[in-house]
Amino acid sequence: MPPVGVPLVIEKKKWAVRASEFAKSTFNPIRFIVDSMKMEQHPDKYMISLSIGDPTIFGNLKPHNATIEAVHNALDKMTFNGYAPTVGYFEARSAVAEFYTTPETIISPNDVILSSGCTHALDLCISALASRGQNILMPRPGFCMYRTLARGHGIHSKFYNLKPEASWEIDLAHLESLIDGNTVAIIVNNPNNPCGSVYSKEHLLGILQIASRYCLPIIADEIYDFFIFKGEEFHPMASLSKNVPILTCGGIAKRFLVPGWRMGWVLIHDRNNVLNVEVRGALNALTQRIMGSNTLVQGALPDMLRNTPKSFFAETIATVQTNAEIAFEKLQQCPGLFPGIHQELRIGSHLLKPYCGDCAILDIPWE
């Protein structure tokens, strides 16, 4: 007889191979809609998708020669073709630490974990901090991958509101009202995707005060850290924290214009060693699930980070801002569209319905 609780093995008459609960509960609503959308194209006009976050798609934004040269050099060395430590090569982690160290935030190589893109970095943080039945606070509207990554693990998503009338700042009162005994972390996305807001120093300090009161670590998604238009100022959340542990997620996708190279990182900011007891070990263990990130790009990272001139980043953002202003101006001329670079309007579905009969407008509900 099998042990108690183990099902009896019986012969079956037909195949019944099932998908796992993890797979069935993994769902990305935006990808589902975009990938399954079939629209008739205008015979004389090229369709420009406004839902794509890939800076390479139109071919007008290309990586700097120093970035390409770094990969060529790494390939020629023939020393980055094997497995690396799952957290990443020490030299690559040292280069990331050097790139992000400031007088306010000193980062060591041991505070850096390399990942397969920023999404994987987010996955590491969510998986390290939360267990089934616990919850993480996330922005609404926000990047849908936060919920996708949590849902498969049985981690609940609780959405705090952003205020469109206040340049999409977080509704701090609503955020605090969502915290309960099962809340284990807060995700803060700044600069924000999809709203484009850049939070002030004062607003970030307000978020940190709440996190400090409830002893909640923050997962800071800062992949757009350099996408700051003229007149705005970006403050890394870790530079303002005195006692709240911050796991900062970033990567090369947007800044270096190479999202397909799949290189990201988690920066562990932990002034009071709160995360040393378990979380650092948990992050290290989780990297072993995919045996680390792209080793060729790891080999190129030191030269990429040190040799790509800052003027390249400035030129890139100037181009993006110019194109955004052109798109904004043209979209304003389209009946039924209400664009905003700094959106100050609260637009509900009822305002769109009169246009839905004649225009290609898809109203996507949010929870």
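One residue stands out among those in region 226-246 that are more than 16 Å from His203 (Cβ to Cβ) and buried (at least 20 other Cβ atoms within 10 Å of the Cβ): the one that is farthest from the chain's Cα centre (by Cα), which is Pro245.
Is it the case that region 285-296 has a residue that's farther than 19 Å from Arg93 by Cα, modelled with pLDDT of 95 or more and not in a loop (DSSP other than H, G, I, E, B)? No - not one qualifying residue is present in region 285-296. You will find that of Tyr83, Tyr89, Tyr100, Tyr46, the residue that is aromatic (Phe, Trp, Tyr) and touching a Leu at 6+ places or on another chain (Cβ under 7 Å) is Tyr100 and no other. Of the listed requirements (1) modelled with pLDDT of 95 or more; (2) more than 24 Å from Leu50 (Cα to Cα), Asn189 misses just one: (2). Test Ala173 against the stated conditions and say whether it is at pLDDT 95 or above, more than 20 Å from the chain's Cα centre (by Cα) and in a helix (DSSP H, G or I). Spelling it out, Ala173 is indeed at pLDDT 95 or above, more than 20 Å from the chain's Cα centre (by Cα) and in a helix (DSSP H, G or I). When Gln134 is tested against (1) out of contact with any strand residue (DSSP E or B) (no Cβ under 7 Å at 6 or more places or on another chain); (2) surrounded by fewer than 19 Cβ atoms within 10 Å (Cβ to Cβ); (3) not charged (D, E, K, R), just one condition goes unmet, and that condition is (1). Scanning region 57-101 for residues that are within 30 Å of Thr319 (Cβ to Cβ) and either at pLDDT 95 or above or surrounded by 14 or more Cβ atoms within 10 Å (Cβ to Cβ) (or both) yields a total of 23. Restricting attention to region 27-56, the residues that are exposed (fewer than 12 other Cβ atoms within 10 Å of the Cβ) and either over 19 Å from the mean Cα position of the chain (by Cα) or polar (S, T, N, Q) (or both) total 16. Residues of region 13-31 that are touching a residue at least 12 places away in the same chain (Cβ under 8 Å) and more than 30 Å from Leu50 (Cα to Cα): Phe22 alone.
Within region 13-26, how many residues are of a type in the set (Ser, Thr, Tyr) and either surrounded by fewer than 10 Cβ atoms within 10 Å (Cβ to Cβ) or more than 22 Å from Arg132 (Cα to Cα) (or both)? Total meeting the criteria: 1.
Taken as a whole, region 194-210 holds at least one residue that is surrounded by 18 or more Cβ atoms within 10 Å (Cβ to Cβ) and polar (S, T, N, Q). Within region 111-125, identify whether any single residue is assigned to a loop (DSSP other than H, G, I, E, B), of a type in the set (Gly, Ala, Ser), surrounded by fewer than 22 Cβ atoms within 10 Å (Cβ to Cβ) and over 19 Å from the mean Cα position of the chain (by Cα), and answer yes or no. No: zero hits. Residue pairs whose Cβ atoms lie under 7 Å apart, sitting 6 or more positions apart in sequence or on different chains, and linking a residue in region 96-111 that is under 16 Å from Lys242 (Cα atoms) to a partner that is polar (S, T, N, Q) and part of a helix (DSSP H, G or I), are Thr102/Ser239; Glu104/Ser239; Thr105/Ser239.
The values are calculated or read from the model by the stated rules, or taken from the named source; none is laboratory data. Every value quoted in this text rests on a predicted model; they were computed, and no experiment measured them. Counting neighbours? That spans all protein chains shown, and the Cβs are built from the backbone with ideal geometry, glycine included.
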